[in-house]
Amino acid sequence: MKESDYKIIRRMAEGYIKFFLISAAATVIRVAAGFAVPQVIRFAVDHVIDDLPLNYSKHIISVVDAMGGMDFLKENLWIFALLILILALITGVSDYTGRLTLAKGTEGTIKTLRDKLFEHIQKLPYSWHIKNQTGDIIQRSTSDVEVVRNFISTQSVEMFRVIILVIISLTLMFSMNFQLTLAVLIFIPVVLLYSTIFYGILAKKFLVADEAEGQLFTTIQENLTGVRVVRAFGRERHEIEKFSERNNTFSDLWVKLGYQLGYYWGIGDLVTGVLLMVIVAYGSYYTVNKVITLGEFLAFASYAAMIGWPLRSFGRILSELSKAKVSLKRICEIIKEPVEVDSPGSVTPDIFKDIEFRNVSFKYEGDNWVLKNVSFKIKAGSTFAILGGTGSGKTTLMYLLNRLYDLPDNMGTITIGGVDIKNIKRNHLRRNIGMVLQEPFLFSRTIKENIAIANPDTPMDEIREAASTARVDDAIDEFSKGYDTLVGERGVTLSGGQKQRVAIARMLLQKTPVMVFDDSLSAVDADTDAKIRSSLKKRKGRATIIIISHRITTLMEADEILVLDKGRVSDIGTHEELIKRDGIYKDIYNVQMNLAEDVE
């Protein structure tokens, strides 16, 4: 059973509850001190100025007598000013304490939420990342978290303060005059009902606006990461128009929300005005007819003014609550997603063993079958090559081997040294299977840091050795800063071939027992390709090398070559065996060799 959104946020607040409790206590003290001021004024007006008899509890009368009685108070009016000053000091200290502890509790909770959210995202399956847009994930991890932080730090304490204000004010008002308090009480459910209806309308509108913001983030992210493609195909105008369209949609949604808020605040002002009118009208009538004293009327008016604004702002608090609820829901949708979990009893075996695919079938969600009953074996320490057309399932085989996608039950097995990879810990498996993809990702760091990303403390001579094997050392030395050259975002400082070779060096430095080159030599020329393969031969017998490529010359020296066609095994054998048999491999070989002769 999945946790509710509120249980999740409470879990994030564990360890910081004491700060929230102290803040709540300070808020109660601040509100109580604020409400005590009108009572001091009431006492002074009724019993010092009007000289009315005391009708308070014995405790208060005993305090007055201990101070010297009413005559002493009449002669020392500064005491009332001092009391108000003390109450103001209490209000200030409690306000400071409340805000400080609330800030500690809020920031601690939000820091925990950010940490847990980021950690959770790191553990989510690769398939989840493929299905969800990067811009939307970023928006949920930043903007939505900030909305929740703002509500906890500002609106939650305001909501609590409003509730305390209403409770204390009604208690004091009832103690002074029952009928006048009932007149005030009529307005409270009206405001709450109206605010609740308004909150329900806003919740849906805020969700739509939040999703529109996520689409806007995605548009920006896609444009920035794909800047080369945009420039190369002259798509600037199209991208500007697409962004403008989504920006207009986002702006229009918030303008409509502004209209809704305007309606609410206008009606709220009217309700507050009517409330004050009732207090003044009935209060004046009761005061003239001696039903209440002048001091009580002033206290009533003060309390009405004190609760008028909070009641009117209750709609704003609820609207912020609706935004926070939507944002929290979007955050918790990620947190509730199931993470990758190793099966019980998972092991960490030696990965330098024979790899076997046995009757493997696979398809992505909603797609046709990508692999159909595929079976083959890769001997440990050998060089194994895979050839096939686009969509034949070459890369999918490696995704399954690395458990970026898990093979469904009853869809075959993949074993390493006889151990089903489902029973091998994912972290162990991925640390021991190095992969270089056709489109490698480089971080916005130096070339040296990118190559040594898995182990930043790697000695420089080992980094150079890996770069030399990948045939990228000469290119790096040509940069003015050499290995300290800062790679632009997504590797834009380097050419496509240089990026691939840096990625190859990064993988070689890990010295994994299994190395996968997924069409990663496609961006280098044939000569460099040959040199890299020649360097890799030195590792023969020390690592299992899997090469995926469309280039026959890249594959022909492999110990065994697998040919895929539409997800099925079309043929398998050595280069010499395959070119003797009619089939896809021989056809591709003849075409590429003829092209090479034509070029020469």
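The values are calculated or read from the model by the stated rules, or taken from the named source; none is laboratory data. A quick note: this is a predicted structure, and the numbers were derived from the prediction, not measured. Positions of Cβ are backbone-derived with ideal geometry, glycine not excepted, and every protein chain shown enters the neighbour counts.
Condition check ((1) charged (D, E, K, R); (2) on the phi > 0 side of the Ramachandran plot; (3) surrounded by 15 or more Cβ atoms within 10 Å (Cβ to Cβ); (4) assigned to a strand (DSSP E or B)) across all residues:
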position: 362; (1), (2), (3), (4): no, no, yes, yes
position: 367; (1), (2), (3), (4): yes, no, no, no
position: 372; (1), (2), (3), (4): yes, no, yes, yes
position: 385; (1), (2), (3), (4): no, no, yes, yes
position: 396; (1), (2), (3), (4): no, no, yes, no
position: 422; (1), (2), (3), (4): yes, no, yes, no
position: 427; (1), (2), (3), (4): no, no, no, no
position: 444; (1), (2), (3), (4): no, no, no, no
position: 449; (1), (2), (3), (4): yes, no, yes, no
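Here residue 95 fulfils each of the conditions (1) under 30 Å from residue 158 (Cα atoms); (2) in a loop (DSSP other than H, G, I, E, B); (3) of a type in the set (Asp, Glu) apart from (2). Contact annotation: residue pairs with Cβ atoms under 7 Å, 6 or more positions apart or on different chains, pairing a residue in region 561-577 that is under 15 Å from residue 548 (Cα atoms) with a partner that is surrounded by fewer than 22 Cβ atoms within 10 Å (Cβ to Cβ) and polar (S, T, N, Q), are 561/574; 563/570; 564/392; 564/570; 565/392; 567/392; 569/375. Selection of region 77-117 for residues being over 27 Å from residue 337 (Cβ atoms) and either among the polar types (S, T, N, Q) or not assigned by TED's automatic domain parsing to the domain that holds residue 29 (or both) yields 91, 94, 97, 101. If you go through region 106-152 and pick out every residue that is polar (S, T, N, Q), crowded, with 19+ Cβ neighbours inside 10 Å and within 28 Å of residue 365 (Cα to Cα), you end up with 1. Has region 340-357 got at least one residue that is in a strand (DSSP E or B) and exposed (fewer than 15 other Cβ atoms within 10 Å of the Cβ)? Yes, the conditions are met somewhere in region 340-357.
Sub-7 Å Cβ pairs linking a first residue in region 276-289 that is of a type in the set (Ser, Thr, Tyr) to a second residue that is not in a helix (DSSP H, G or I), at least 6 apart or interchain, are 286/177; 286/292, ordered by first then second residue. Of all the residues in region 46-72, those that are outside any loop (DSSP other than H, G, I, E, B) and over 26 Å from residue 177 (Cα atoms) number 5. Of the numbered criteria (1) over 18 Å from residue 518 (Cα atoms); (2) of a type in the set (A, V, I, L, M); (3) modelled with pLDDT of 85 or more, the one residue 454 fails is (3).
A quick yes/no check of all residues on (1) closer than 29 Å to residue 32 by Cβ; (2) within 30 Å of the chain's Cα centre (by Cα); (3) assigned by TED's automatic domain parsing to the domain that holds residue 98:
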residue	(1), (2), (3)
154	yes, yes, yes
158	yes, yes, yes
163	yes, no, yes
169	yes, no, yes
185	yes, no, yes
188	yes, no, yes
201	no, yes, yes
